[in-house]
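Q: Below: one structure in structure tokens.
The values are calculated or read from the model by the stated rules, or taken from the named source; none is laboratory data. Note that this is a predicted model, so its numbers are computed, not measured. Positions of Cβ are generated from backbone atoms using ideal geometry, with glycine treated the same way; all protein chains shown enter the neighbour counts.
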Amino acid sequence: MNQIDLKGQVAIVTGGAQGFGLGSAKRFILSGARVSLWDRDGDALKAACALLGPEASMQVVDITDFAGLEAAHAAVEQDVGPVSILLNSAGIAGKNAPLDEYDLEEWRRVIDINLNGTFYVNRVVIPAMKARNYGRIVNISSVAGKEGNPNAAAYAASKAGVIGLVKALGKEVAKYDIAVNAITPAVANTRIIEGLDKAFVDYMLSRIPRARFLEVEELANMVAWLVSKENSFTTASVFDLSGGRTTY
């Protein structure tokens, strides 16, 4: 494992109780950072903090609750330290259905968590980062945000929206030495796929030239560099983690 220097950094990781968030938080701590895990599952957060040790703390919060996010951010800044890193990993896959049959409430739920939630979390951390003229933000999108998946229009639309948000925000805050980037992972064997049809998962796997799932550690390795000071120039960009599926 290459050593990435995150000493003295404080990171917020949304969706930090499991999956990509937990795996990345582990890598951040190994690199010297302190991490605040944000998730709405309090029991899972406690288990994650026990696994990660004393450099991990937690905030039970829903990323669709802007006031709750503001309170959580203030608590981290006071109790842990100035937040210099955000990994926004929280998200849901939503249900699979053709668009003309897609449940309206399910559409709103997916968009609210995946896209609005991304906006809210970024909106909360940016002012303090601007005031300190430093920050590193990674928002997790998806290969679906680049090319779509059939019967998953809500998810694809929400993740395409994340890419657009990153491109706009990265340009806005570049002069403050705040890097804002997105990553577009292919399907990984994490909890997010548990509610999906097996045929749909098999379809996504069949599109990956490497012919396997993405490993959580592989994502964490890329994110660790993106949130480091070594990433001093690249912003408003999208980094591929699709195993060759999307090469643009």
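Q: Checking the conditions here, which among V227, V180 is within 23 Å of V83 (Cβ to Cβ), touching a helix residue (DSSP H, G or I) at 6+ places or on another chain (Cβ under 6 Å) and not hydroxyl-bearing (S, T, Y)? Spell out how you get there, then give the answer.
A: Working: V227 fails: touching a helix residue (DSSP H, G or I) at 6+ places or on another chain (Cβ under 6 Å).
Exactly one residue qualifies, and that residue is V180.
Q: Can you find, within segment 206-224, the residue that is nearest to K26 (Cα to Cα) among those that are touching a Ser or Thr at 6+ places or on another chain (Cβ under 8 Å) and touching a residue at least 40 places away in the same chain (Cβ under 8 Å)?
A: A220
Q: Being buried (at least 18 other Cβ atoms within 10 Å of the Cβ), out of contact with any Ser or Thr (no Cβ under 7 Å at 6 or more places or on another chain) and farther than 14 Å from F66 by Cα is the filter here, so list the residues in segment 103-128 that pass it.
A: Answer for segment 103-128, where residues must be buried (at least 18 other Cβ atoms within 10 Å of the Cβ), out of contact with any Ser or Thr (no Cβ under 7 Å at 6 or more places or on another chain) and farther than 14 Å from F66 by Cα: just W107.
Q: Moving on to the next point. Please find, within segment 125-141, the residue that is farthest from N181 (Cα to Cα) out of those that are touching a strand residue (DSSP E or B) at 6+ places or on another chain (Cβ under 9 Å) and assigned to a helix (DSSP H, G or I). I'd like the intermediate steps shown before the answer.
A: Taking segment 125-141 first, the residues touching a strand residue (DSSP E or B) at 6+ places or on another chain (Cβ under 9 Å) are 125-126, 128-130, 133-141.
Adding the requirement that they be assigned to a helix (DSSP H, G or I) leaves 125-126, 128-130.
Working: V125: 15, I126: 14, A128: 18, M129: 15, K130: 16 Å.
Top of the filtered list is A128.
Q: List the strands (runs of 3 or more DSSP E) that sit entirely inside segment 1-96 and contain at least 1 residues that are free of Cβ contacts under 8 Å to residues at least 60 places away in the same chain and surrounded by fewer than 24 Cβ atoms within 10 Å (Cβ to Cβ). Walk me through how you get there before you give the answer.
A: Details: elements: 10-14, 34-39, 56-60, 85-88.
Fully inside segment 1-96 and qualifying: 34-39, 56-60.
Q: What residue, among those in segment 220-248 that are hydrophobic (A, V, I, L, M, F, W, C) and not in a helix (DSSP H, G or I), is modelled with the lowest pLDDT?
A: Looking only at segment 220-248, we keep the residues that are hydrophobic (A, V, I, L, M, F, W, C), and these are 220, 222-227, 233, 236, 238-239, 241.
Add one more test, that the residue is not in a helix (DSSP H, G or I), and what stays is 227, 233, 236, 238-239, 241.
Working: V227: 98, F233: 97, A236: 98, V238: 97, F239: 96, L241: 90.
So, considering only residues that are hydrophobic (A, V, I, L, M, F, W, C) and not in a helix (DSSP H, G or I), the one modelled with the lowest pLDDT is L241.
Q: Then there's this: Kindly indicate whether I111 is within 16 Å of the chain's Cα centre (by Cα), of a type outside the set (S, T, Y) and part of a helix (DSSP H, G or I).
A: Numbers: within 16 Å of the chain's Cα centre (by Cα): yes; of a type outside the set (S, T, Y): yes; part of a helix (DSSP H, G or I): yes.
Yes; evaluated as a whole, the condition is true for this residue.
Q: Could you say whether any residue in segment 142-151 is of a type in the set (S, T, Y), in contact (Cβ under 8 Å) with a residue 24 or more places away in the chain, in a loop (DSSP other than H, G, I, E, B) and buried (at least 19 other Cβ atoms within 10 Å of the Cβ)? Walk me through it before giving the result.
A: Step one: of segment 142-151, the residues of a type in the set (S, T, Y) are 142.
Imposing the further condition that a residue be in contact (Cβ under 8 Å) with a residue 24 or more places away in the chain reduces the set to 142.
Okay, now just the ones that are also in a loop (DSSP other than H, G, I, E, B), so 142.
Narrowing the set further to residues that are buried (at least 19 other Cβ atoms within 10 Å of the Cβ) leaves 142.
Within segment 142-151, one or more residues are of a type in the set (S, T, Y), in contact (Cβ under 8 Å) with a residue 24 or more places away in the chain, in a loop (DSSP other than H, G, I, E, B) and buried (at least 19 other Cβ atoms within 10 Å of the Cβ).
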